[in-house]
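Below is one structure, written out as structure tokens; the observations come after it.
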Amino acid sequence: MSLSESAGGVPVLVLREGSSRSRGGEAQHANIMAARVVAETVKSSLGPKGMDKMLVDSFGDVTITSDGRKILDEMDIQHPAAKMMVEVAKTQDNEVGDGTTTAVVVSGSLLSKAEELIEKKVHPTIIIDGYKKAADKALELLEKIAIKVSPLDKEKIKMVAMTSMASKLVAEHRDYFADLAVKAVLQVAEKRDGEYKADVDDVKVEKKPGESLTDTKLINGIVLDKEIVHSGMPKRVENAKIALINTALEIEKTEFDAKINIESPEQMDAFLKQEETMLREMVDKIVATGANVVLCQKGIDDMVQHFLARKGIVAVRRIKKSDVEKLAKATGGKIMTNIEDMSRTDLGYANLVEERKIGDDKMTFVEGCKHPHAVTILIRGGTERIVDEAERSLHDALCVVRDIVEEPKILAGGGAPELEVSRTLKEYSGTLPGREQLAVVRFAEALEAVPITLAENAGLDPIDILSELRARHEKGEVWAGVEIHTGKIQNMSKAGVFEPLAVKKQIIKSATEAASMILKIDDVIAAGKMKAPPTPGGPGGMGGMGGMGPGAGEY
Ligand SMILES: Nc1ncnc2c1ncn2[C@@H]1O[C@H](COP(=O)(O)OP(=O)(O)O)[C@@H](O)[C@H]1O
Ligand SMILES: [Mg+2]
């Protein structure tokens, strides 16, 4: 069957020439294959012994990473079903910030298990229903076995941050980085209606190659990748009283061209004087507030810079909007649009504003803020690639700390929760009728991909590990998992490998959603590629005929 039918012998074309279509089992198989290929690709980077990937983009830039999301982002994936796996990683990253590789691996595993059932003639709809039931049950169970912690329990939270960095390039220094992540997030966390809320965006991450990873610092304030505008200004101001301004300290240009006829040198002089007076007034307004630092989102006129310098006031211009907002949170100042209205109470405060040379660049540090609701981590490290990967790892660490502060429940890792859920689901499947039962069992088996992959990546025997894990969970050892560094099965909560409940829950949700979405597709209709318009007389002159590509005549 095709989308073209014959009406009285004349074929009716529904699709444009060059479109292609695949249906039913064929479409399903192709989609599942594509998604599984993606999962296979990221699989080897799961866990502390996972490998890194070297990715080269079309400009020849090299990225080295083991971060699931980054790998998929850089891969430039074309296949529509494979792209859905990229979405899984994105959702996981946006929602909880960690567990991206696991989500993709579980999703791929769910699909390969589903394919076994499809081969046995179980209809995809039944599989999808079964998976949904299994996922609900899994979420319920994770919630039940989760360990409650205090949102301010630094020691426990630090352990989770360390787990999230165990598989990264910075693993060697994870103790150091975990400390920074915990301090930073707890600093910006706020209590609202009895619950803590933290926004990782309030932790600004700046990076500069040079020195070493352990020279990375947490600054109680904001670091700007900008220099002080005028060489006549001091490079260091203590007890900084800061004016935050988001308009230009310049004379506004009119929107249309205005012509001024000047007929005598006196007129010219008067005109320039007028301008100067206006600019001087701006500076006077700022001086009157008592500010000794001006941080401006827009430009600052040369003359204003000069006047400010003469008053000993420091200024930085063209600061990003997001940074100005962070500065307001860090210093407690108010962002002013109109300097006319500005007064002393609008100023922010910092112990020190100083320009420092970091690597080859000058940066401005606004630090020693009293109760900053925004802070900065300045990452240092041998090369650009190292600071980039350190930034990604730190992102995961900041996110997991945020996750726990907001939902203070954790699970031990190393495949323990997956195995426990798997065991319970197998038990639960017995209560279900007929074919759904098969789907729930397959779901349970799919989760075993986590400990299997962790073991495989560490060079351990996955079959031995899995059978022992199953047996230990059967005996009621909820936290039995595979400790990758010793290669032994042990109580993972004793091993100190902890992860946020939120991450594990999101893995189940995103993996199930993606797998179900892919299983539900039984028809792929792809439009033909857009062609460049024909150039008359040129080699592409017959471009209009190019539509007769493979498959073009099928429908
Ligand atoms: N010491 C360890 N022993 C066993 N498993 C560990 C250990 N440290 C971390 N893990 C496991 O590694 C997995 C996370 O690996 P990771 O590479 O960060 O992938 P993801 O992108 O999914 O977060 C989790 O399942 C976690 O429990
Ligand atoms: Mg991780």
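If I model a spin label at Met278 and Ser150 as a point 7 Å from the Cα along the Cα→Cβ vector, what separation in nanometres do I get?
The two pseudo-label positions are separated by 5.9 nm.
How much length is gained on full extension from Glu172 to Asp257, taking 0.36 nm per residue of separation minus their Cα-Cα distance?
Gain on extension, Glu172 to Asp257, equals 24.5 nm.
How high is the relative contact order of the chain? Use alpha-carbon pairs under 8 Å, at least six apart in sequence, and give a whole percent.
26
List the GluC sites (Glu not before Pro) within the range 191-267 that fall in a DSSP loop (any state other than H, G, I, E or B) and whose Cβ has at most 12 other Cβ atoms within 10 Å.
Glu252, Glu255, Glu263
Can you tell me the accessible area per residue over the range 371-461, all protein chains present, probe 1.4 angstrom, in square angstrom?
Using a 1.4 Å probe on heavy atoms only, each residue of the range 371-461 averages 30 Å².
How much FRET efficiency would the formula 1/(1 + (r/R0)^6) give for Ser58 and Glu391, where r is the Cβ-Cβ distance and R0 is 25 Å, rounded to 0.05?
0.65
For the chain, just say rounded, prolate or oblate: build the C-alpha gyration tensor, square-root its eigenvalues into a ≥ b ≥ c, call rounded for a/c under 1.5, and beyond that prolate if a/b exceeds b/c, oblate if not.
Note, shape of the chain comes out oblate.
At 222 nm, what value in deg cm²/dmol follows for the chain if DSSP H runs of at least 4 each add -39500 (n - 2.57) and the sum is divided by all its residues, to the nearest 500?
Only helices count here, giving -15000 deg cm²/dmol.
For the chain, the longest stretch holding no trypsin sites (Lys or Arg not before Pro) located in a DSSP loop with at most 10 other Cβ atoms within 10 Å is which?
It runs 260-474.
Pop a pseudo-label 7 angstrom from the Cα along the beta-carbon direction at both Glu26 and Glu140 and give the gap in nm to one decimal.
Between Glu26 and Glu140, the label points sit 4.2 nm apart.
For the range 15-136, just say rounded, prolate or oblate: build the C-alpha gyration tensor, square-root its eigenvalues into a ≥ b ≥ c, call rounded for a/c under 1.5, and beyond that prolate if a/b exceeds b/c, oblate if not.
oblate
Using alpha carbons only, what's the Rg to Rh ratio of the range 211-291 with Rh from Kirkwood?
1.15
Express in nm, to one decimal, how much length is gained between Ser322 and Asp522 on full extension, taking 0.36 nm for each residue of separation and deducting their alpha carbon distance.
67.5 nm
What is the diffusion coefficient of the range 298-453 in µm²/s, taking the Kirkwood radius over Cα pairs and the Stokes-Einstein relation at 37 °C with a viscosity of 0.692 mPa s?
154
Could you pull out every one of the lysines with an alpha carbon less than 25 Å from that of Lys273, ignoring same-chain neighbours closer than 8 positions?
Lys273 reaches Lys253, Lys259, Lys285, Lys298, Lys311.
For Lys370, list the lysines whose Cα falls under 16 Å from its own Cα; do not include residues on the same chain fewer than 8 positions away.
Lys183, Lys241, Lys326, Lys329, Lys334
Select from the range 430-496 those GluC sites (Glu not before Pro) which occupy a DSSP coil region and have at most 13 other Cβ atoms within 10 Å, ordered by residue number.
Sites meeting the loop and neighbour criteria: none at all.
Starting from 0.36 nm per residue, how many nanometres of slack lie between Lys475 and Gln267 once their C-alpha separation is accounted for?
65.2 nm
On the protein heavy atoms, probe 1.4 angstrom, tell me the percent of accessible surface of the chain carried by carbon and sulfur.
Its accessible area is 52 percent carbon and sulfur atoms.
For the chain, build the charge dipole from Cβ charges (+1 Lys, Arg; -1 Asp, Glu) around the Cα centre, then report which of Ser422, Ser212, His373 sits farthest towards its positive end.
Comparing the listed Cα positions along the dipole, Ser422 ranks first.
Skipping prolines and chain starts, which residues have an amide H placed within reach, meaning under 5 Å, of the one on Lys204, given they are 5 or more residues away or on another chain?
Long-range HN contacts for Lys204: Val375, Thr376, Ile377.
Quote the charge dipole size of the chain about the Cα centre in Debye, to the nearest 20; the model charges only the Cβ of Lys and Arg (+1) and of Asp and Glu (-1).
920
Could you check the simple spin-label distance between Met51 and Arg192, using points 7 Å along Cα→Cβ, in nm with one decimal?
Those two pseudo-labels are separated by 4.5 nm.
The values are calculated or read from the model by the stated rules, or taken from the named source; none is laboratory data. Just so it is clear, the model here is predicted, and its values are computed rather than measured. Note: ideal-geometry Cβ built from the backbone for every residue, glycine included; neighbour counts use all protein chains shown. Ligands, DNA and RNA are stripped out before the accessible areas are found, and what is left, the full protein with its side chains, is counted by its heavy atoms. Shrake-Rupley method; radii C 1.70, N 1.55, O 1.52, S 1.80 Å.
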